[in-house]
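Enquirer: Right, I'll just put the structure down here and ask away after.
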Amino acid sequence: FISKALHYTNPKVLQRQGNNKTNKYLIRDGPNALTPPPTTPEWVKFCRQLFGGFSILLWTGAILCFLAYAIQAATEDDPAGDNLYLGIVLTAVVVITGCFSYFQEAKSSKIMESFKNMVPQQALVIREGEKVQINAEEVVAGDLIEVKGGDRIPADIRVVSAHGCKVDNSSLTGESEPQSRSPDCTHDNPLETRNVAFFSTNCVEGTARGLVICTGDRTVMGRIATLTSGLETGKTPIAKEIEHFIHIITGVAVFLGVTFFILAIILGYTWLEAVIFLIGIIVANVPEGLLATVTVCLTLTAKRMAKKNCLVKNLEAVETLGSTSTICSDKTGTLTQNRMTVAHMWFDNQIHEADTTEDQSGASFDKSSVTWQGLSRIAALCNRAQFKAGQDSVTILKRDVAGDASESALLKCIELCCGSVRAMRDKNKKVAEIPFNSTNKYQLSVHETEDPNDNRYLLVMKGAPERILDRCSTILLQGKEQPMDEEMKEAFQNAYMELGGLGERVLGFCHVLLPEDQYPKGFAFDTDDVNFQTDNLCFVGLMSMIDPPRAAVPDAVGKCRSAGIKVIMVTGDHPITAKAIAKGVGIISEGNETVEDIAARLNIPVSQVNPRDAKACVIHGTDLKDLSQDQMDDILRNHTEIVFARTSPQQKLIIVEGCQRLGAIVAVTGDGVNDSPALKKADIGVAMGISGSDVSKQAADMILLDDNFASIVTGVEEGRLIFDNLKKSIAYTLTSNIPEITPFLFFIIVNIPLPLGTITILCIDLGTDMVPAISLAYEAAESDIMKRQPRNPFRDKLVNERLISIAYGQIGMIQALGGFFAYFVILAENGFLPSRLVGIRLEWDDRSTNDLEDTYGQQWTYEQRKIVEFTCHTAFFVSIVVVQWADVIICKTRRNSVFQQGMKNKILIFGLFEETALAAFLSYCPGMDVALRMFPLKPSWWFCAFPYSFLIFVYDEVRKLILRRNPGGWVERETYY
Amino acid sequence: MAKDGEKGDWKEFLWNPRTREFLGRTASSWGLILLFYLVFYIFLAGLFALTMYVMLQTLDDHKPTWQDRLATPGMVIRPKANEALEIVYNITETESWDMYAQALDKFLSPYNDSVQAEKNHECIPNQHFMQEDSGDVKNNPKRSCQFNRTVLDECSGINDRYYGYHDGKPCIIIKLNRVIGLMPEMDGRAPYVTCGPKKEDTDKIGELAYFPPNGTFNLMYYPYYGKKAQVNYSQPLVAIKFLNITANQDVNIECKINANNIPRGSERDKFAGRVSFKLRINTRK
């Protein structure tokens, strides 16, 4: 549709379209606005929190509990309430954690909403010959609209007339330079042609009239937005990990449950009893507290990341950044400062380097040369840019400038070096001016000189270097005018090539003092019909500009590299500029060459170079179009340093998909609308908080509040840390599952009084274990996590067999023994020796037996022995707390010794005291005997588990010692989780 | 396609012929890990046994370390009622009360005078029968006092082998749980059991007869020295005969021990120092 409209040349009919017609169009095409992506209703979001991932496990547990209770209620007169309570508690845990994470994410999305630009847009429309200001939403196809500098373009328009109109297409194409618009159709591709301006891009300067060709969702921008919302996104890595974890846990639970179900049947229990046991065992495997722990850990990290300018929209994305193995970064604004800055000058036959750092900390050059004074004067005078008013307090580099990017760069450069440009301009009043146009490729102005006694006029000119050189006959060297000879021309060429090769935009500068006899004071300079000398000028120098990299970026890229993360630059810019910036920030590292570089070095054609020799490559968007999928994979696999230049939004998507096909977890940064499909498709889309468009922020998972690439790296670091620490947290939490399950198993198998009850289990999982488990999220990294490779999502799992083996098979077993020891001690000291206990269960739990005999011949009523049993539960509980002290200390590290790691984690120390205090409170607080059936312990019973706690510590320290001494050995293969 | 692949993966996981792996491990790998766990668990078992052994060494053979949960000894009735502590029977149906009589027969058989005379010692009544150890020299085995069935008189089942169940005057036997070292007394004399009606059943309970007279547990049966030292200890009993209890109605009765060195038990424990039960004698079919 657009292509046709490009050549359509009869606007007159439409120009006068009446209100009736516009209304008809408005009804047909709908308002000129992007259809917002279908927002998920709040209740759906809430349900997702309630029923997603980990919660499923708890829900299953809860349902099984209710089922068991129903069976008991149907078959027994006086069913034990344990299963009912457990079901209720499980439900409560899921609902509360669900609410918590829902509110957490709602908070982030509220910050998101604050980004939205709520000001309604206006458009100047010419209808029936009259200019009317209407709401941009009411613009319809066929309207003639007028835009001027500073306006946002209200729809896709075909320019019918323009005066120096330039538009900033950066949000659409990523090109940072404003582009001029004119009525000529220069290209069949609507994106390339000069006569189309796009919806939601900005008109930087000049004015234009245009015919609306597309509105709303049919605009180029609209179609990209639609493409974005149509993309399916995969599961986050952490969601996959949690799924894998659920598989393992379910596997263990079902295995244990079925084993003991069969055992129970063999032992002569009835079917129903065995089913109750089966459910009981399966439910006991559910780590009740883990969901809350994981959520809190992720939230804490999200908060920490927000402090470091990474706002995370989706909690799970916190970890994704840590697993990232490839970052596809935008150039403009993310890697660079997004402002043109003078980088180099060439004068006196020498290249001088200007300071491009953000804080002017770089080296400066010799400013005393007379040539430099001449050059700076031209740059200041032949320049239409000026600072906007009222910014005296702002540092020069941060001031807003009215004018195009290169002129602003010159303005700032001169202001920094030579003081006020305004003063200079006041002293050298402008007499005449020819603005830049594409045919001349130069800009000139004529000024009075500073010296009031000198009545000569000064003509200054800047423009494309080769054009300027053509107009010069002399050159200024060390302040002296010398004839332009071949040698000088060659020097000029070399300098021009060198600066151009750096990806910089080069401008040439020249001047001349017009002879007073030909141009006396008051001479009328005619700029339309040039009546004055514009050749035989004096060449002064070159100045080159670039959008320089941000100061922190090279360091951040270096960190990424040592962290094994591939950084790919994807930009809409020219390959040369892109390559120059890539080299500047280290995306193409020093010493690495592209195929073209090798070809140039060896002086052979590109086709003869073995592509495998080149680690780096720069790929042009048009080449990318012709690549097959295999070729694409080949490039991504075999080049470590890749720059994509001149890429379109669809291509960006192809690049992301290509990386994902190779198994990489891809982070994509972007700010423009054109980036949003890639942002959505990426495992983690990172939008820019300052320069980013709303659409891109919508599509992203994370927002960089300071637009700085370096913030991503801190994000990666946090993400990796939380992955490690979640492992530790899970190892810690899972361990206590064994001392929680084994009592029930022994209760069934050897018919002893129940050593640990449901209430006490919940007190551990949701009480004492909570703070220590969360405190592990604060644990410092064991080694430099930014020095190792990103985790392999297929191999490095959050929870693996080794973690289960350690937690369940080893540490958990020691813990269980500690608990059982306390249990036997209490019963024995009260008169029931272990030999008496085996097989006692039926009598023990019989309410009508009130004279049960113990080992010593004493007789016990039901209530008396139950108090002892509950005291045992309390002691078992306290013992688990005691062995969990050791567990949390050993879980602090996975490889290092605690003595290397230190006990610097204050939250963890607090956690140790907190769980102990909580245990003491639960045991000794009056009323607990009625409320939770927990009883005060004799002081000596607290110490029963101490030897086991000590054993855990020693055992694990020895294990880790062997692990460190013997890297890759059996211990590492079997126990390093 | 994907499903087939998954199936293949699963099969290969179970047994991978190329690498000779079963469940992802080779035979030697399985061997090593199983050996490790075997050694590890044997070590743990040994350690556990050691700590248990040390703990058992700290225990006294004759007296448990703690007795604080048994401060108020429990009371139990015989014949053993059902879970709800109801003794309900119909006079006209022999089989409804015969089981009670049989239970009591069985319960009382060790108290037969002949058995008691053979095994136990005749003690001096109304004083504690102290048999303390002198220092480290254990005074074991300790002798026990006779409690003869005949003391229960009308409830002994000797004269009336149906214990009064057949004529609506049933006997209930009450015992106080054994607690080592416990010496209950009421102002220096023997503690005794009293029974009374609960709630509004005051007028239904009728007259009661206690055997031995006054329902006392004679002091000579205390203290108890434990199963190991005092093998043939005969637990003293008190029998209560309901002489004219209202028939065809639920009668709630509570019996309690009267001793001033036994604390009142907790409200929750319905059997500490007291016992409640329901008696219902039906006379109609």
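Nothing in this text is a laboratory measurement; each read-out follows from the coordinates by a stated rule. Because the structure is a prediction, the values reported are computed rather than measured. All Cβ positions, glycine included, derive from the backbone under ideal geometry; neighbour counts span all protein chains shown.
Enquirer: Report the Cα centroid-to-centroid distance between region B:213-258 and region A:789-849 in angstrom, as an integer.
Expert: 43 Å
Enquirer: Beyond a 29 Å Cα-Cα separation, which of these cross-linked pairs lie in this structure: A:430/A:489; A:303/A:680; B:106/B:241; A:388/A:427; A:107/A:308?
Expert: Listed pairs above 29 Å: A:430/A:489.
Enquirer: Further question on the same structure: Residue by residue through B:263-276, how many Cβ atoms from other chains fall within 10 Å of the Cβ on average?
Expert: 3
Enquirer: Using the Cα atoms as the points, what is the convex hull volume per residue of region B:2-56 in Å³?
Expert: Roughly 83 Å³ of hull volume per residue.
Enquirer: Sort A:323-330, A:202-209 for me by packing, meaning the mean count of neighbouring Cβ atoms within 10 Å per residue, highest on top.
Expert: Averaged packing, sorted descending, gives the order A:323-330, A:202-209.
Enquirer: Rounded to the nearest 500, what is chain A's calculated 222 nm mean residue ellipticity when only DSSP H runs of at least 4 contribute -39500 (n - 2.57) each, over all residues?
Expert: My calculation for chain A gives -14500 deg cm²/dmol from helical runs alone.
Enquirer: Please give the average number of partner chain Cβ atoms lying within 10 Å of the Cβ of each residue in A:833-841, rounded to a whole number.
Expert: 1
Enquirer: How much mean residue ellipticity at 222 nm does chain B get from its helices, if each DSSP H run of length 4 or more adds -39500 (n - 2.57) and you divide by all residues, to the nearest 500 deg cm²/dmol?
Expert: So the calculated ellipticity at 222 nm is -7500 deg cm²/dmol.
Enquirer: Considering only C-alpha atoms, what is the centroid distance from region A:31-74 to region A:317-333, in Å?
Expert: If we compute the Cα centre of each part, the gap is 30 Å.
Enquirer: Shifting gears a bit: Starting at the first residue of region A:186-198, write each ³J(HN,Hα) from the Karplus equation 6.51 cos²θ - 1.76 cosθ + 1.60 with θ = phi - 60°, in whole Hz, x for Gly and Pro.
Expert: 9, 7, 6, 6, x, 6, 9, 5, 7, 9, 10, 10, 9
Enquirer: Go ahead and collect, in residue order, the members of region B:199-222 whose backbone nitrogen is under 13 Å from a label point 7 Å along the Cα-Cβ direction of residue B:84.
Expert: The answer is none.
Enquirer: Assuming R0 = 51 Å, what is the FRET efficiency of residue A:70 and residue B:130, from their Cβ-Cβ distance, to the nearest 0.05?
Expert: Working from the Cβ atoms, E equals 0.30.
Enquirer: Give the order of B:279, A:745 when sorted by the count of other beta carbons within 10 angstrom, beginning with the fewest.
Expert: Going from sparsest to densest Cβ surroundings: A:745, B:279.
Enquirer: I would also like to ask the following. Would you calculate the separation in nanometres between label points at residue B:189 and residue A:449, each defined as 7 Å from the Cα along the Cα-to-beta-carbon direction?
Expert: Going from the residue B:189 label point to the residue A:449 one covers 14.2 nm.
Enquirer: Between residue A:258 and residue A:100, how many nm apart are label points set 7 Å from Cα along the C-beta direction?
Expert: Spacing of the two 7 Å Cα→Cβ label points: 3.4 nm.
Enquirer: Let me ask something additional. Enumerate the lysines that residue B:63 could reach by cross-link, defined here as Cα to Cα under 19 Å, with residues fewer than 8 away along the same chain left out.
Expert: Partners found: A:938, B:138, B:142, B:227, B:228.
Enquirer: Full-extension gain between residue A:269 and residue A:613, please, as 0.36 nm times their residue separation minus the C-alpha to C-alpha distance.
Expert: Separation in residues times 0.36 nm, less the Cα-Cα distance, equals 116.6 nm.
Enquirer: Rounding to the nearest 20 debye, state how big the charge dipole of chain A is about its Cα centre with +1 on each Lys and Arg Cβ and -1 on each Asp and Glu Cβ.
Expert: That gives a dipole near 440 debye.
Enquirer: Quick check on packing: order A:216-227, A:516-527 by the mean number of other C-beta atoms within 10 Å, highest mean leading.
Expert: A:216-227, A:516-527
Enquirer: Between residue A:109 and residue A:21, what is 0.36 nm times their sequence separation minus the Cα-Cα distance? Round to one decimal in nm.
Expert: 27.6 nm
Enquirer: Let me ask something else about it. How long are the semi-axes of the ellipsoid equivalent to the protein assembly as shown, from square roots of 5 times the Cα gyration tensor eigenvalues, in whole Å, largest first?
Expert: In descending order, the three semi-axes are 94, 33, 26 Å.
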